[in-house]
1. With respect to the numbered conditions (1) among the aromatic types (Phe, Trp, Tyr); (2) touching a Pro at 6+ places or on another chain (Cβ under 8 Å); (3) modelled with pLDDT under 85, which one is the sole condition not fulfilled by Tyr66?
2. Within the set of pairs 6+ apart or on separate chains, which have a first residue in region 47-63 that is over 16 Å from Asn10 (Cα atoms), a second that is modelled with pLDDT of 85 or more and surrounded by 14 or more Cβ atoms within 10 Å (Cβ to Cβ), and C-beta atoms under 8 Å apart?
3. For Leu93, indicate whether it is modelled with pLDDT under 75 and either over 12 Å from Ile2 (Cβ atoms) or surrounded by 14 or more Cβ atoms within 10 Å (Cβ to Cβ) (or both).
Amino acid sequence: MIETPGAIANLDQILEVETMDGIYVGPNDLGIVLGMASGTDREEPEFIRVLEDIARRANKHARFRYAYQFEQIRHACDRDGIRIRNRMLDAGLIGAGAAATVKDVRAGLRSRS
């Protein structure tokens, strides 16, 4: 995961690891360490510049690029060859799982009455 200043600074060395297929960029964590507010729908020019630099360097090393796809950078993902994009945040997945569990527990409690 490329989400820290250290990972960005050492990206070329990271990309030289021969047993690694690709890298993943998470917009929320990366934005926070760049001094931006929490969020995934990033529009900040600095964030877009950093993402484009990451993609350019990954392309140079012929590595897959993975990213959470948010609409504001869909064009950059397409242009820069970010090939695999997830559309759910981990928080969304956890929330959906919690909601399903609460629903099951409520159904169980109703069946006891």
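1. Of (1) among the aromatic types (Phe, Trp, Tyr); (2) touching a Pro at 6+ places or on another chain (Cβ under 8 Å); (3) modelled with pLDDT under 85, only one is false for Tyr66: (2).
2. Note: pairs meeting the criteria are Phe47/Leu30; Phe47/Gly31; Phe47/Leu34; Phe47/Met36.
3. Yes; evaluated as a whole, the condition is true for this residue.
One line per residue, one yes/no per condition, for (1) under 14 Å from Glu3 (Cα atoms); (2) surrounded by 11 or more Cβ atoms within 10 Å (Cβ to Cβ); (3) at pLDDT below 85; (4) touching an Asp or Glu at 6+ places or on another chain (Cβ under 6 Å):
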site: Leu30; (1), (2), (3), (4): yes, yes, no, yes
site: Gly39; (1), (2), (3), (4): yes, yes, yes, no
site: Asn86; (1), (2), (3), (4): no, yes, yes, no
site: Val102; (1), (2), (3), (4): no, no, no, no
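The values are calculated or read from the model by the stated rules, or taken from the named source; none is laboratory data. Predicted model, so just to flag it, every value in this text is computed and none were measured. Reconstructed Cβ throughout: ideal geometry from the backbone, glycine too, with neighbour counts over all protein chains shown.
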